[in-house]
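Asks: Structure below; questions to follow.
The values are calculated or read from the model by the stated rules, or taken from the named source; none is laboratory data. Every value quoted in this text rests on a predicted model; they were computed, and no experiment measured them. When we count neighbours, we look across all protein chains shown, and the Cβ atoms used for this are built from the backbone with ideal geometry, even at glycine.
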Amino acid sequence: MADNAAMTMRVNRSLLLTILSSAAMSLACADSPSAGVDAQIDAIFQMAKRRDTASLENMKASVDSRSDRSLSIAYSLALYLAAPEKYEDQFVTNFPEDYEGVMLDLYRFEEEHRTPSFLFSFDALGRIAEHGNAQAMRKLVLAAAHSDGVVAEALCEVLGRLISERPRETRAALQKLPSPDRERTVECVKSATIEQYTKGSS
């Protein structure tokens with residue numbers, strides 16, 4: 001009988017250790033940097049949907065402390081979604097200029113339906129550039145140069161319109177691109193312009 005009691009205690013102890021180990025692993029996953037960043041991104045986009053700018057502003061210190069680029073890009077976009085006029089400058093300033101930021105972060109947020117409409121963030125940058133914002137124009141050109149697929153097509157369409165509406169500013173921004181990027185982007189804009197003209201004529 002004593003042997004049975006001892007065996008039961010060993011089994012219970014082993015079971016307890018298994019439960020504790022599983023709990024520790026779950027906590028480790030929950031506390032991992034990537035899990036924490038993903039949770040914050042979810043939270044700030046929920047705040048943006050509610051237009052809760054006060055809560056978003058209270059998140060600033062936490063976002064800054066992470067030093068995570070994806071989170072910073074998401075934060076600027078969320079602020080703009082919550083209050084476009086108030087946070088337009090910050091949205092433009094923090095708009096990514098390289099492929100990783102444009103395609104792996106902003107485009108991912110678009111695919112995840114974080115914005116009101118597909119490609120909203122890119123369309124928004126184009127609208128701001130159309131109003132004569134020089135920094136938005138520069139960002140638009142850089143984003144077009146460092147993107148592909150539907151994003152590049154959408155940005156080149158905007159640049160095609162800007163060539164007609166603001167030819168001097170658009171050409172000046174394109175000229176500042178490094179040669180390979182400039183040639184590729186100009187060809188993209190030409191194709192988009194021809195396509196727009198063909199659609200308009202049909």
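Asks: For the stretch 62-96, give me each residue that is of a type in the set (G, A, S), in contact with a helix residue (DSSP H, G or I) (Cβ under 9 Å, 6 or more places away or on another chain), part of a helix (DSSP H, G or I) and more than 21 Å from L142 (Cα to Cα).
Replies: S62, A78, A82
Asks: Right, N58: in the same structural domain as A173 (by TED's automatic domain parsing) and within 30 Å of E187 (Cα to Cα) or not?
Replies: No; evaluated as a whole, the condition is false for this residue.
Asks: Residues being assigned to a loop (DSSP other than H, G, I, E, B) and either without any contact (Cβ under 8 Å) to a residue 12 or more places away in the chain or under 19 Å from L174 (Cα atoms) (or both): count how many of those fall in the stretch 97-118.
Replies: The qualifying residues number 6.
Asks: Only helices (runs of 4 or more DSSP H) wholly contained in the stretch 119-183 count here; list those with 3 or more residues that are in contact (Cβ under 8 Å) with a residue 12 or more places away in the chain and under 18 Å from the mean Cα position of the chain (by Cα).
Replies: Of the helices (runs of 4 or more DSSP H) lying wholly inside the stretch 119-183, those with at least 3 residues that are in contact (Cβ under 8 Å) with a residue 12 or more places away in the chain and under 18 Å from the mean Cα position of the chain (by Cα) span 120-130, 134-145, 149-165.
Asks: Look through R184, R166, R108, R171 and report the one residue that is among the basic types (K, R) and closer than 23 Å to I73 by Cα.
Replies: R108
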